[in-house]
Amino acid sequence: MAQNAEPMARLEPRMDDIENLSHAVASQLNVQAATASSLPTSSSIPLRKDHLRTRKDQGTQSGSVPQEIETDILIVGAGFGGVYLLHRLRDELGFNVKCFEAGKDLGGIWHWNCYPGARVDSPIPVYEYSLEKVWKNWSWSCKYPGWQELRRYFDHVEQQLQVKKDVVFESAVVSSEWDEKRPGWTVKTEDGKTARCRYLILATGFAAKRNFPDWPGLDTFEGAIHHSSFWPEEDVDVAGKKVAVIGTGSTGIQIAQECAKRAKELTVFQRTPNLCLPMQQASLTSKEQEDRKDDYEQFFRDRKSTFAGFPFDNIQKNTLDDSSEEREKFFEQLWEEGGFKLWLATYKDMLYEKEANRHHYDFWAKKTRARITDPATADILAPLEPPHAFGTKRPSLEQDFYEQFNKPNVHVIDVNKNPVVGVRPRGLVTADGKLHEVDLIALATGFDSVTGGMMNMGLKDIDGKPLAEKWAMGTWSYLGTTCNGFPNMFFLYGAQGPTAFSNGPTCVEVQGDWIVDSIRKMRDESIQSIEATREAEEDWRRKITELSDKTLFPSANSWYMGANIPGKPREQLCYAGGLPLYQKELKESLDEGFKGFVVVNA
């Protein structure tokens, strides 16, 4: 297997270019990443920290915060996963639990994201906690809520769970080391706080480290530049302005869709077409939701039984089992229902067989091209030949994205044929020599996804070796929740878990419940520490690869495969076996006395 082979040559990212550009961008934006090590500091260009951003309706930490913290469990990150674990470990198991959060409020990605059009791509009640205490007194306004409503949701979560009293905000972790003498973890923050704990849980999410383009001259631009996750809290008025949107991942789609309605001119710079699916957004009343809540407990149990944690699954039929007429009728039904139905509720062989996949792509292209009036624009946004197998890159959900390109002031540039080669004070220069004058550049250039966040918080193993060094040429974990060399350290919604192939809240509850059960078992059985074995990591990596290789996922250069970051190893980063099989793996490890771990009794 590839994971056992010695690499012929070490592939190093162009760190000088990345660091220099990051400084230039941060200087232009006057912001930096949420973790201190995400973008290295510079002696020549001072950087303000992005995690100092304050929500308009929120103050700073109330009360004094001790510089030295002793606790049973330390959680890093106060998003969906961190809040869920803090509540369960503290309120149900009675542990002393603290949480370090780089931002100034709860919410994780929804604390940081406030760019135009930012909203979930999972319908409610899929995208929320299964905790009755939270959902019984909460109602949403629509099927796919936006970032403002997600923030109000976390305010409601706080009212019900009272977690903030144990969260230390404005605390970006820069160092985490194991102390064998205690034994336990010593964790330090950028501003000098130190926490000592027996268990360390990383709930930093899979998109914690931002990615920036490496264009020369970016620091000379005289207009405004905003990365999607650095978007100003007060929003940006694009009326009367020329706007460039760089990238067409989900963020780029959402920003372009909204800015096109207000900007004087909008140009989207696209590398790969996003095979967007219709969101089919809908308003919801409180009564509608109240009438369904008698079924919520069963709904949330069923949520864990499907491949991706949604209330639907692929049908047990192959694409070519149906006639072309039957297939077309089925595709139309999925299209009208909207959301991820054409991706996750279709024929079971769509992500496995090329011919089956092509039928799905051809249907998508036909439906999408019919919405675009200019044939040349349609060829860029929805080409007749697939840019990659359908569904091997996460499709975004859109409402009227394609219709925006029927306007005379909205354009798209294929950067494969005409790439951006530099930036000038007044705009972007493409390879054909043209200067595209713009007032605002929106960087929807994504993240060093899945592994980037964990590798940039100073995490070291028992021998003092940084995780970033251990993972430099590939990712190793066991169960997508633990690592060899890191006793009593757990993580969730990260590398080699279901993560990107599942609904977020579903995934963090599945993994969070296993972490809670593991810590309970350790307490009840007087176990001092557990540490994944190297053999277990090798076996898990082999499973990750084998599951992925059965699918069409490896055929696409996606962030699923780490292909969006120059120099990053190309490998499957997520567990492609589905939630039911994944939960079976988790249960087997616990039921067999921490199978795959070295157990040290107290």
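Summary of values
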{"quantity": "Net length gained if the chain between residue 524 and residue 599 were fully extended (0.36 nm per residue, minus Cα distance)", "calculated": "25.6 nm"}
{"quantity": "Residue 214 versus residue 376: modelled label distance in nm, points set 7 Å from Cα along the beta carbon direction", "calculated": "3.2"}
{"quantity": "Table column - 3J(HN,Hα) (Hz), the range 121-131, Karplus curve with 6.51, -1.76, 1.60, x for Gly and Pro", "calculated": "10, 10, x, 7, x, 4, 8, 6, 5, 8, 6"}
{"quantity": "Spherically averaged projected area of the range 338-401 from its Cα convex hull (nm²)", "calculated": "4.3"}
{"quantity": "Summed residue charge, Cβ within 12 Å of residue 132's Cβ, Lys/Arg positive, Asp/Glu negative", "calculated": "0"}
{"quantity": "Rounded Å value of the spacing that divides the Cα centres of the range 350-370 and the range 499-530", "calculated": "38"}
{"quantity": "Relative compactness, the range 210-289, computed as alpha-carbon Rg over 2.2 N^0.38 Å", "calculated": "1.35"}
{"quantity": "Where labels lie 7 Å past Cα in the beta-carbon direction, separation of residue 291 and residue 222 in nm", "calculated": "5.9"}
{"quantity": "Segment residue 366-residue 179, length gained on full extension (0.36 nm per residue, minus Cα span)", "calculated": "61.3 nm"}
{"quantity": "Relative contact order computed over the chain (Cα-Cα under 8 Å; 6+ residues apart), in percent", "calculated": "18"}
{"quantity": "R0 of 35 Å, Cβ-Cβ distance residue 156-residue 570: FRET efficiency to nearest 0.05", "calculated": "0.25"}
{"quantity": "The range 336-438: relative contact order as a whole-number percent, Cα under 8 Å and 6+ apart", "calculated": "19"}
{"quantity": "For the chain, the longest site-free run once GluC sites (Glu not before Pro) in DSSP loop states with at most 15 other Cβ atoms within 10 Å are removed", "calculated": "235-524"}
{"quantity": "Antiparallel bridge percentage (DSSP; both residues within the chain; nearest 5)", "calculated": "40"}
{"quantity": "Debye equation applied to the C-alpha atoms of the chain, log10 I(q)/I(0) at 0.07, 0.08, 0.10 Å⁻¹", "calculated": "-0.42, -0.55, -0.89"}
{"quantity": "Under 5 Å, built H, 5+ apart or other chain: amide partners of residue 411", "calculated": "266, 267, 268"}
{"quantity": "Heavy-atom SASA rank of 130, 176 (probe 1.4 Å, accessible area, largest first)", "calculated": "130, 176"}
{"quantity": "Residue list for the range 333-357, given a label point 7 angstrom along the Cα-to-Cβ vector of residue 284 and an amide N cut-off under 13 Å", "calculated": "none"}
{"quantity": "Two-decimal ratio, the range 63-220, of alpha-carbon radius of gyration to 2.2 N^0.38 Å", "calculated": "1.16"}
{"quantity": "Label-point separation, residue 133 to residue 186 (7 Å along Cα→Cβ), nm", "calculated": "3.5"}
{"quantity": "Theoretical gain in end-to-end length, residue 465 to residue 264 [0.36 nm per residue, Cα-Cα removed]", "calculated": "67.2 nm"}
{"quantity": "Cβ-defined net charge surrounding residue 435, 11 Å radius [Lys, Arg +1; Asp, Glu -1]", "calculated": "+1"}
{"quantity": "Too-long pairs where the Cα-Cα distance tops 31 Å, listed order kept, from 143/261; 133/367; 104/143; 165/341; 136/366", "calculated": "133/367; 165/341; 136/366"}
{"quantity": "Rg/Rg_ref, the range 471-564, where Rg_ref = 2.2 N^0.38 Å and atoms are Cα", "calculated": "1.18"}
{"quantity": "Cut-off 17 Å, label 7 Å out along Cα→Cβ of residue 301, residues of the range 576-590 by amide N", "calculated": "580"}
{"quantity": "Accessible-area composition of the chain, carbon plus sulfur, in percent [1.4 Å probe]", "calculated": "48"}
{"quantity": "Per-selection metrics, the range 287-437 (Cα): Rg and Dmax in Å", "calculated": "20.1, 62"}
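The values are calculated or read from the model by the stated rules, or taken from the named source; none is laboratory data. In this text the structure is predicted, and so the values were computed from the model without any measurement. Ideal geometry is used to build each Cβ from the backbone, glycine not excepted, and the neighbour counts take in all protein chains shown. For accessibility, only protein heavy atoms count, side chains too; no ligands or nucleic acids. Shrake-Rupley method; radii C 1.70, N 1.55, O 1.52, S 1.80 Å.
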